[in-house]
Protein chains: 2
Amino acid sequence: MRRQRWLQNQREQRLKIAKKELPQSALPEHDGTGRVKLAFRALEKDGAISSERTITVPTGVSAFDAASWNGIAIDSTCGGYGTCKKCKVKITSGDVPISPLDNRAFSATELSQGWRLACLVRTVENISIDVPPLTTRPKAATVGVGRQVILRPAVQKRYVELEEPTLHDQRTDIVRLLDAIDDIEATVSLASIRALPQILRSSYFKVTAVFIDQALIDVEPGDTTSIRYGIAYDLGTTTVVATLLDLNTGTPLAVKSMLNKQQPFGADVISRISATMLDPLALDRLRSLAQATLSELTNEVCEEAGINPLHVYEVALAGNATMTQLVLGIDPEPIGVAPFIMVSADYPDVEASELGISIHPRAKAVILPSLGAYVGGDIVAGALASGMDRDKRLRLFIDVGTNCEIILGNGEKILATAAPAGPAFEAASIRCGVRAASGAIETIKIEDGEFVIGTIEDVPAIGICGSGLVDACACLVQVGLLDHSGRFVSDEIAATVAPKLAARLLQREGERVFVLTWSGKEGDLNDSVYLTQRDVRELQFAKAAIATGWALLLEEFGVEPSEIQQVLLAGSFGSYLSPASAIKIGLVPKLSVLRIVSAGNVAGEGAKMTLLSAQERHGANALLQEIEYVELSDRADFNDKFVERLAFPS
Amino acid sequence: MRRQRWLQNQREQRLKIAKKELPQSALPEHDGTGRVKLAFRALEKDGAISSERTITVPTGVSAFDAASWNGIAIDSTCGGYGTCKKCKVKITSGDVPISPLDNRAFSATELSQGWRLACLVRTVENISIDVPPLTTRPKAATVGVGRQVILRPAVQKRYVELEEPTLHDQRTDIVRLLDAIDDIEATVSLASIRALPQILRSSYFKVTAVFIDQALIDVEPGDTTSIRYGIAYDLGTTTVVATLLDLNTGTPLAVKSMLNKQQPFGADVISRISATMLDPLALDRLRSLAQATLSELTNEVCEEAGINPLHVYEVALAGNATMTQLVLGIDPEPIGVAPFIMVSADYPDVEASELGISIHPRAKAVILPSLGAYVGGDIVAGALASGMDRDKRLRLFIDVGTNCEIILGNGEKILATAAPAGPAFEAASIRCGVRAASGAIETIKIEDGEFVIGTIEDVPAIGICGSGLVDACACLVQVGLLDHSGRFVSDEIAATVAPKLAARLLQREGERVFVLTWSGKEGDLNDSVYLTQRDVRELQFAKAAIATGWALLLEEFGVEPSEIQQVLLAGSFGSYLSPASAIKIGLVPKLSVLRIVSAGNVAGEGAKMTLLSAQERHGANALLQEIEYVELSDRADFNDKFVERLAFPS
């Protein structure tokens, strides 16, 4: 009962925060396809360049978000709505239209020099951007999808100058310290005060106390209040991302990612769970591999930002339920077999050392809670980062992956489900499929009846990744080489509907294939990248599972697809999908491409939020109660709907 | 403010407990000197002997206390007042008078067979005692000095048989477990639930949850509710004692003691603190030596009782402030130098692993709080065990040692002070002084004008320990060989007052000495045990410091020595002092010997109480507020009083 009341209170408080909507006029028109390159230069106060970095993002992503997701610090406190006017950057090459809000933020001279608000910079072409140094100590930060987070990290520091003890003032060291700090009702552990006598005396009783919430975790000599870091981890089954945050400013200082070192145990969670069932040593091995991944990333982000890992006092981890249990060394078998049971939805008090990372020895770890065995902490983080619990628009959130999680909500009512999409999007079951790395085909457009192929890092194609697969199918349907049932058309029809492409449609080992890039001479399939009829079917199954998921959620909610005001494509794959192609293959409802938004690594963004705001951390827990899980697998109409959704929309 | 109210509430609750006083008729007359041997045989249900042990205690100690202090389990729930009638034992040799309460507890036949209540058995002769097996699950236990402790250990177990999960009941493992336990609002740590999935499934969802207060620390397969142990440590500067307790019955199962392995760093706390100031590695060495001592004792008590150390879930440690900081690895230097500052008076949440002992990996340690740098956790434990905060009689508590702590109170007002007695009682500065071990002279009586010497283990004397020194001086004053100023009398006077002893008074290296035992032929001092004039002076300084302490406390309290209803002699030395001798040398006020009571190892008893009762644990913390510390060293009249007290009373 007490918990119920607390939740209601939390909810009311959070709904009080006025909902702002980005003015449509600020959104530049784009066709929802392709990528743009943003070349950032971070400047120091004297104008010297402190770092340079070029980032490729889907068209339509704001310069602020692109920077934030990649560890480039730009001030912002309003949630990316152009109102705080802190995210000033200077466009040094490329054309960026002036928004009405830019007119209020800058003088005519500044505008002509290229000054713009980074949160409103969305382009359809490559641009170069200079980022001025941060202003000090903002009260809020912009994170996730338009989320303004008031900076109240659980990690707090207090600098005090104490009276030295005398025979008439024999207060113990700890009482002397805590008497001087009147705004925190401290709790003390042995480890946190073990060195107190030496530290107090060697620093002449001038020290900084470090707290996490009420818990005193350390006392440091002198004034260290400006030094306060945290790391947010997105522990994916495939990819793991670490973001180092300056907790004083809320800005990211470094982002690093790498493959989860558990890969040798299989590509998906089920393979990894199976491994633990077959080999009693596998659980410990999987735990240490996940921890080694986090540890290596931790060292990398600290090194890149040039900070001492001992100054990282708190970390947050978002992962699916299986990854979370594995990294904590908890047997995942009951998650993998019916009736699919987690050991716990949440983990209230975890030492960061339990994650095998070398940071402050008494640092804490926030583990994002899981809604269920297949709607994990990554999705709860994503829902938090995209404001599913407070945005009053009807929004559809889709985290695309092997297991696809879908949330539909309007801030009052939130439904969630999981759809088993299979490995097509990870390109694992695709004939020429590769992971999204250098040389993977990631975008395809049609220009003058020809395919224009884009690869990662613009090198010759070595295969096709998930977003390329979606683009390929969308383009093939568009030109008429795939019919709506998903079959390649006959050579006769091909020659009619797409004369320039017909020669690429071949027969290979009794199967129709479409060649995307020739490796050597035309007609030689060796090392060429092509799409088979079976590949198309794989994608159809995957997208049908997802489409059935959101269609049933819409039905459950009692709304029509056209009422959806925003579709968020999330996850390391979903964020890089072309909205136009997602619509064309029916993966998302048929809406204006401007309503289909790349949400970025929302799991990581949610983890960041919990570090920046103790309030948001409670929000993550509250989501467990607020989101209603809808089980699809036991619905009688699931198979009918699924078959209906296999076809490509006309 | 909240703390104040809480304390008041605690106090009121505890004062409500009616104060019972042991009927004087039950106390056999004794002269307050010497020792008795109690030969215990513990019997099983079928009458077989499970263990045998002979214990030497000062005359006047009850058989129940003697057993309890030495790890021999006898039922008792009333506090040793003869009212619960559970502590039935059978005297098999030696004469034990029948008390009025024995008449109510036993039939005439039983009495004639030797049945008595152990708490009322106090003899002036050696006896043999058969102890029947324990009855099951008492609600209270008798501990310390007449303390009835209601058994409510912080360690709690709950056996549950859970419904297995289904697709319609997908509660997480931890929720399933805690839903079944409705009387504990559990808090959960990662470590405590890591193995939960395996344990639940391998034991078919029939498990025992282990809690310390609200904290779930483990889940064990099957029903283990009958298995629940704790260990109480008295971490002395010289001697360390460990008592293994059955938390289900409140009875001791094994007691072991050994020298503190820190001995090589010096005999007293000041030498050990000095070591840390001279050598930066000494602190870590002292910590690990103290921990090694605890660890060895832990293994010994578990082995003796035949229990698995993993079933020890909680320990309690009572030590002086320096020992406490050293064993926890905290620099004690500020305790050793003015203004004498502890890092903290209390340590609320300590893992037992911090003490370097191998028991349950998530066991907790209760660290008895210290009142000040020189009135440590051992004294707070002693005050708790002897009921200084609730007994309404005016009582004087003296823990005799190098640093002597004195408490005077009547349950309403409690004063405490520390008196630096120096090393005389530890026999360190005494010419023929030895520790209280085999061959040490521990008792001296006068019979027919001769000294009757008692040694530990009745072997030839190798030296004299503290209690022997006190007896020796008392006897020498009594026979007139020492005058009241503490000077040995002239040979002429000696021949007159003590003709049989005069030949033992010799001159050696310009100093008068009195020979207690000859090693070889009379007159040869080599290897003989003797007392020098300087030894007598050492004792005078020590006892004067103590007597000044209690005299000033009495003055502060506004009472006369004759109003004291009970003097408790505590500590490993004080408990073995002959009350009669203590009176004769003026170490305690001049009262009936029956009012001078050996309190035993009250530090250890206090530690035991905190394990048996979470309520008593709060009592220990409340004592910090209830006891008023009186600083003697800055009193103008201290030196005058001290000089007055140097003489032996006439």
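The values are calculated or read from the model by the stated rules, or taken from the named source; none is laboratory data. Worth saying up front: this structure is predicted, and the values here are computed from it rather than measured. Methodologically, a virtual Cβ is constructed for each residue, glycine included, from the backbone with ideal geometry; neighbour enumeration extends over all protein chains shown.
Scan the stretch B:115-125 and tell me whether some residue there is out of contact with any helix residue (DSSP H, G or I) (no Cβ under 9 Å at 6 or more places or on another chain), touching a residue at least 60 places away in the same chain (Cβ under 8 Å) and more than 14 Å from chain A (Cβ to nearest Cβ).
Within the stretch B:115-125, one or more residues are out of contact with any helix residue (DSSP H, G or I) (no Cβ under 9 Å at 6 or more places or on another chain), touching a residue at least 60 places away in the same chain (Cβ under 8 Å) and more than 14 Å from chain A (Cβ to nearest Cβ).
How many residues does the stretch B:371-406 hold that are within 14 Å of chain A (Cβ to nearest Cβ), part of a loop (DSSP other than H, G, I, E, B) and over 16 Å from the mean Cα position of the chain (by Cα)?
3
Can you list residue pairs whose Cβ atoms sit under 7 Å apart, with the first residue in the stretch B:181-197 being free of Cβ contacts under 8 Å to residues at least 12 places away in the same chain and the second being in a strand (DSSP E or B)? Count only pairs 6 or more apart in sequence or on different chains.
B:LEU190/A:TYR347; B:LEU190/A:VAL350
When residues of the stretch A:279-324 are filtered for being touching an Asp or Glu at 6+ places or on another chain (Cβ under 7 Å) and either within 14 Å of chain B (Cβ to nearest Cβ) or of a type in the set (S, T, N, Q) (or both), how many remain?
2
Please go through the stretch A:260-275 and give me each residue that is without any contact (Cβ under 8 Å) to a residue 60 or more places away in the chain, crowded, with 19+ Cβ neighbours inside 10 Å and under 16 Å from A:PRO334 (Cα atoms), ordered by number.
Matches in the stretch A:260-275: A:ALA275 only.
So which pairs qualify, if the first residue must be in the stretch A:511-530 and closer than 15 Å to A:ALA472 by Cα and in contact (Cβ under 8 Å) with a residue 12 or more places away in the chain, the second must be of a type in the set (D, E, K, R) and in a strand (DSSP E or B), the Cβ gap must be under 8 Å, and the two must be at least 6 apart or on different chains?
If the second residue must be of a type in the set (D, E, K, R) and in a strand (DSSP E or B), the pairs left are A:TYR530/A:ARG508.
Got at least one residue in the stretch A:125-134 being modelled with pLDDT under 90 and in contact with a Ser or Thr (Cβ under 6 Å, 6 or more places away or on another chain)?
Among the residues of the stretch A:125-134, at least one is modelled with pLDDT under 90 and in contact with a Ser or Thr (Cβ under 6 Å, 6 or more places away or on another chain), which makes the answer yes.
Restricted to the stretch A:249-275, and to residues that are modelled with pLDDT under 95 and assigned to a loop (DSSP other than H, G, I, E, B), which residue is nearest to the chain's Cα centre (by Cα)?
A:GLY250
Those residues that are of a type in the set (A, V, I, L, M) and farther than 16 Å from B:LEU162 by Cα, I need them from the stretch B:197-230; list them, please.
Across the stretch B:197-230, the qualifying residues are B:ILE212, B:ALA215, B:LEU216, B:ILE217, B:ILE227.
Keeping to the stretch B:565-580, report how many residues are crowded, with 21+ Cβ neighbours inside 10 Å and not in a helix (DSSP H, G or I).
The total comes to 8.
Determine if the stretch B:549-561 includes at least one residue that is surrounded by 24 or more Cβ atoms within 10 Å (Cβ to Cβ) and not aromatic (Phe, Trp, Tyr).
Taking every residue of the stretch B:549-561 in turn, at least one turns out to be surrounded by 24 or more Cβ atoms within 10 Å (Cβ to Cβ) and not aromatic (Phe, Trp, Tyr).
What are the residues in the stretch B:367-420 that are buried (at least 23 other Cβ atoms within 10 Å of the Cβ) and touching a Cys at 6+ places or on another chain (Cβ under 8 Å), if any?
Hits for the stretch B:367-420 are B:ILE398, B:ALA418, B:ALA419.
Looking at (1) at pLDDT 90 or above; (2) surrounded by 23 or more Cβ atoms within 10 Å (Cβ to Cβ), can you tell me which one A:VAL143 breaks?
(1)
Going residue by residue through the stretch A:178-190, is there one that turns out to be surrounded by fewer than 16 Cβ atoms within 10 Å (Cβ to Cβ), among the hydrophobic types (A, V, I, L, M, F, W, C) and within 23 Å of B:VAL350 (Cα to Cα)?
yes
Please indicate, with yes or no, whether at least one residue in the stretch B:330-338 is within 12 Å of chain A (Cβ to nearest Cβ), assigned to a loop (DSSP other than H, G, I, E, B) and at pLDDT below 95.
Yes - at least one qualifying residue is present in the stretch B:330-338.
How about the stretch A:581-650: which helices (runs of 4 or more DSSP H) wholly inside it have at least 3 residues that are crowded, with 19+ Cβ neighbours inside 10 Å?
Helices (runs of 4 or more DSSP H) meeting the threshold: A:602-612, A:614-626.
Run down A:ALA437, A:ALA416 and say which single residue is farther than 27 Å from A:LYS500 by Cα and assigned to a loop (DSSP other than H, G, I, E, B).
A:ALA437 is the lone residue from the list that is farther than 27 Å from A:LYS500 by Cα and assigned to a loop (DSSP other than H, G, I, E, B).
Only one residue in A:ASP46, A:ASP65, A:ASP75, A:ASP95 is at negative phi, crowded, with 19+ Cβ neighbours inside 10 Å and in a loop (DSSP other than H, G, I, E, B), so which one is that?
On inspection, the qualifying residue turns out to be A:ASP75.
Condition check ((1) in the same structural domain as B:ILE273 (by TED's automatic domain parsing); (2) within 16 Å of B:ARG272 (Cα to Cα); (3) in contact (Cβ under 8 Å) with a residue 40 or more places away in the chain) across all residues:
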{"site": "B:CYS302", "(1), (2), (3)": "yes, no, yes"}
{"site": "B:ALA305", "(1), (2), (3)": "yes, no, yes"}
{"site": "B:HIS311", "(1), (2), (3)": "yes, no, yes"}
{"site": "B:LEU317", "(1), (2), (3)": "yes, no, yes"}
{"site": "B:MET323", "(1), (2), (3)": "yes, yes, yes"}
{"site": "B:GLY329", "(1), (2), (3)": "yes, yes, yes"}
{"site": "B:GLU333", "(1), (2), (3)": "yes, yes, yes"}
{"site": "B:MET342", "(1), (2), (3)": "yes, yes, no"}
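With respect to the numbered conditions (1) closer than 22 Å to A:GLU351 by Cβ; (2) facing another protein chain (nearest Cβ under 8 Å); (3) surrounded by fewer than 18 Cβ atoms within 10 Å (Cβ to Cβ), which one is the sole condition not fulfilled by B:LEU196?
(3)
Of the residues that sit in the stretch B:457-475 and are at negative phi and without any contact (Cβ under 8 Å) to a residue 60 or more places away in the chain, which one is surrounded by the most Cβ atoms within 10 Å (Cβ to Cβ)?
B:GLY468
Of the conditions (1) within 40 Å of the chain's Cα centre (by Cα); (2) within 14 Å of chain B (Cβ to nearest Cβ), A:ASP169 clears all except one; give me its number.
Of everything listed in (1) within 40 Å of the chain's Cα centre (by Cα); (2) within 14 Å of chain B (Cβ to nearest Cβ), A:ASP169 misses just condition (1).
What number goes with the only condition from (1) outside any strand (DSSP E or B); (2) on the phi < 0 side of the Ramachandran plot; (3) not acidic (Asp, Glu) that A:GLY411 does not pass?
Checking A:GLY411 against (1) outside any strand (DSSP E or B); (2) on the phi < 0 side of the Ramachandran plot; (3) not acidic (Asp, Glu), the one that fails is (2).
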